[in-house]
Structure formats: C-alpha cells, structure tokens
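Working notes for the structure below.
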Amino acid sequence: MLRKLLALAFVPGLATSFAQAPRASHHVSFVSVSPTVRLEVLDWGGRGPALVFLGGFGNTGHVFDAFAPQFSDRYHVFAITRRGFGASSRPPTGYDGGTLTLDILTVLDSLDIRRAIFVGHSFAGSELGVLGAYHAERVTALVYLDASYDFAHLYGDPRWQRAFPIPRPPAPTTSELPALRRWLTDVMGPAVPDDEIRNLTSNGAAAGLDTLLQRGAYPTALSRITTPVVAFWAAPRSAQEWYPYRGALDSLERTRLDQSFEDQMTVRREHIQTFMDHVRGARVVRIAGGRHYLFLTHPRQIADGMRAFLTSVTPQPNER
C-alpha cells in the first residue's frame, strides 16, 4: 500500500497533458531548510491555529488540494511537500526520520508558527510519531489518516514484505486526462487533484526513495506521545472493497491480491491494537468500507470526525 505509487512515476507522456487545467486556490512558496534543500509549502489561508497536512510516500502537499481548504474557516491551513518529491528539492540524503521531522520544524519556524495541529496520511505517520514523542512542545494535536503504524517494525515484518508488490491493472498509455482519472480512481480513490496528478506523472525521482525512507524510519516511541491524538483507519470488508479493480484482474492476479489483502489486514490489526495500547487517550475511528486514501474515498466522514476532534482539543481561537 505504501509503495503503490511508485509505478506512477514512470507513466510516459502524461506530465504535459494538464498544463491548462485549473489549479487549486492556494499560495505556493518555498522554504530553505538547509543550504541545498528547499521545500514546497502550500498555504490556503484562514485564521486560527495552524493546521499542517503531510502527505504519504509518493505524494505531495497537493494531494490535499480538494480536502484541506474546507478547514480554513477555523484554522490557518498549510501543507508541506517532503524532500525528494514534487517541487521540493531532491537531495541524495536526509530521508531518516530525524531529518524529515527537522525539515517540518524548520518550515514552521520560517512561518513563525510555535505550535501546530499535524495531519498525516500513510507514511507521514512516521513523522507524526517523531513529532509527538520528541517535539511535543510544537504539537497541539496529531491526526493520523490510515497512518498510525510503527513504521520501523512494519517494514521489517515478513508478512508485510510478502504482501508487495500489489497486483494492479496496467496504467493507461494515453495521456488523456479522463483515462488517467479513471485509473487513479481505482488505485487511489475519486477526485485526485489535478496538481497531484501532475506530480505523480512527472516525479521520476520518487522511484529511488522507498528504500531510503524505509531504512530511515525511526521506531515509534508510542508511550512518549501524550498530546491529543485521533487515528482514522480504513476498515475494508473484502479485497474487492479495498481494491475496486480486483474483478478486472486474471485469476492468478486475484489470488495474489487476495493473499496480499489478508497479510496487510492482519498486520494492520496488530498495529492498531499496539497504538491503542501504548498511546494514552488515543481515539481510534474505523471507517467501514474505507480505503487507504480515506480523505478521498470518505471525505465527509473524515472531515466531520476531524472537526469534532479538533473542536474538543483547540478551544482557543488562536495558538500561533
């Protein structure tokens, strides 16, 4: 699941197809986190506590273009594209958990943000874990979107390793937007933002980073996390629900996909339980029928759940 976007980096001829497509209404800037590395920062504006979105592996801040802006009525909403992806710098090093987290804090410093609510999807859960465990003074609350794994243990689990690569239908060879959107709806979920599609189809550098990110993942010190936390988890009831394209695969691929699904779900259940056992006061919300990109497949449920949680933990109008 966390590596499924790698194939997207090599879809030929698609990056130029969207030059005239409308872009999301946000301000884009770049923050230097070291002399040779700068990160893309999206700013949707708004008043109130800082709400910072962090995408999963292979994604950029633009994956939240359709979801994040709705929170600008009560929060100042940002997203950060981590090093190596999208328009951010692509250095050969710095993909360990400590450096990635320091990148985030450096961006906050540049924006004069003392504390923030962090919302992380998928691999970003590794960064949330470091923030919550070792930089609690910078954290108002943590929101995990199918992300509260202990990533160092996850990547070393033979069952998780056995689950990949995941069978999927071939990517379209055409550069036409409708065909690519249909494919991405099956692979990721509906309404993938146009700017995210641009990044997915042009970011060839992403293919070499999975090993670096996996090796650099820190064990999550769950018992050290004391800030308010909510973890939303997809709860699919079948491989068909998790992978809508299952019926289009041949019988051998379906068998392989079904075994991958069972391995993933077994590991996920264990990580959910470990998270609940060790993070004091953590709220875990399971979304029936959800898929990995919960904020795309179930945006209303995730938004409503986030608002209820954030209202309970950020009563003050401004924490900047």
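Looking at the stretch 140-154, is at least one residue among the polar types (S, T, N, Q) and either at pLDDT below 95 or touching a helix residue (DSSP H, G or I) at 6+ places or on another chain (Cβ under 6 Å) (or both)?
Yes, there is a match, as at least one residue in the stretch 140-154 is among the polar types (S, T, N, Q) and either at pLDDT below 95 or touching a helix residue (DSSP H, G or I) at 6+ places or on another chain (Cβ under 6 Å) (or both).
I need a count of the residues in the stretch 156-182 that are crowded, with 19+ Cβ neighbours inside 10 Å and assigned to a helix (DSSP H, G or I).
Going through the stretch 156-182 one residue at a time, the tally reaches 2.
Can you pull out the residues in the stretch 136-150 that are open to solvent by less than 10 Å² (accessible area, probe 1.4 Å) and either among the small types (Gly, Ala, Ser) or closer than 23 Å to Thr36 by Cα (or both)?
Ala141, Ala147, Ser148
Considering each residue of the stretch 120-179, count those that are touching a strand residue (DSSP E or B) at 6+ places or on another chain (Cβ under 7 Å) and within 19 Å of Met276 (Cβ to Cβ), and give that number.
Counting residues in the stretch 120-179 that are touching a strand residue (DSSP E or B) at 6+ places or on another chain (Cβ under 7 Å) and within 19 Å of Met276 (Cβ to Cβ) gives 12.
Inspect all residues belonging to the stretch 262-270 and state whether any of them is farther than 30 Å from Val107 by Cα, assigned to a helix (DSSP H, G or I), touching a helix residue (DSSP H, G or I) at 6+ places or on another chain (Cβ under 6 Å) and open to solvent by 60 Å² or more (accessible area, probe 1.4 Å).
No, the stretch 262-270 contains no residue that is farther than 30 Å from Val107 by Cα, assigned to a helix (DSSP H, G or I), touching a helix residue (DSSP H, G or I) at 6+ places or on another chain (Cβ under 6 Å) and open to solvent by 60 Å² or more (accessible area, probe 1.4 Å).
Looking at (1) at pLDDT 95 or above; (2) farther than 30 Å from Thr140 by Cβ; (3) crowded, with 16+ Cβ neighbours inside 10 Å, which one does His298 not meet, given that it meets all the others?
(2)
Among the listed residues Gln240, Gln214, identify the single one that is closer than 30 Å to Thr93 by Cβ and in contact with a helix residue (DSSP H, G or I) (Cβ under 6 Å, 6 or more places away or on another chain).
Gln214
Hey, can you tell me all the residues within the stretch 271-320 that are assigned to a strand (DSSP E or B) and within 28 Å of Ile166 (Cβ to Cβ)?
Selection gives Val284, Val285, Arg286, Ile287, Ala288.
I'm checking my understanding of the structure. Among residues of the stretch 188-222 that are among the polar types (S, T, N, Q) and modelled with pLDDT of 85 or more, which one is surrounded by the fewest Cβ atoms within 10 Å (Cβ to Cβ)?
Residue satisfying both the conditions and the ranking: Thr211.
In contact (Cβ under 8 Å) with a residue 24 or more places away in the chain and in contact with a Pro (Cβ under 9 Å, 6 or more places away or on another chain): which single residue out of Leu128, Leu154, Leu180, Leu145 fits that description?
Answer to the check: Leu180.
Mind checking whether some residue in the stretch 121-135 is β-branched (Val, Ile, Thr), assigned to a loop (DSSP other than H, G, I, E, B) and either under 27 Å from Pro299 (Cα atoms) or open to solvent by 10 Å² or more (accessible area, probe 1.4 Å) (or both)?
no
Can you list the strands (runs of 3 or more DSSP E) lying wholly within the stretch 30-119 that have 2 or more residues being surrounded by fewer than 22 Cβ atoms within 10 Å (Cβ to Cβ) and more than 20 Å from the chain's Cα centre (by Cα)?
37-45
The values are calculated or read from the model by the stated rules, or taken from the named source; none is laboratory data. Predicted, not measured: the structure shown is a model, and the values here were computed from it. Ideal geometry is used to build each Cβ from the backbone, glycine not excepted, and the neighbour counts take in all protein chains shown. These area figures cover heavy atoms from the full protein model, side chains too; ligands, DNA and RNA do not enter into them. Shrake-Rupley method; radii C 1.70, N 1.55, O 1.52, S 1.80 Å.
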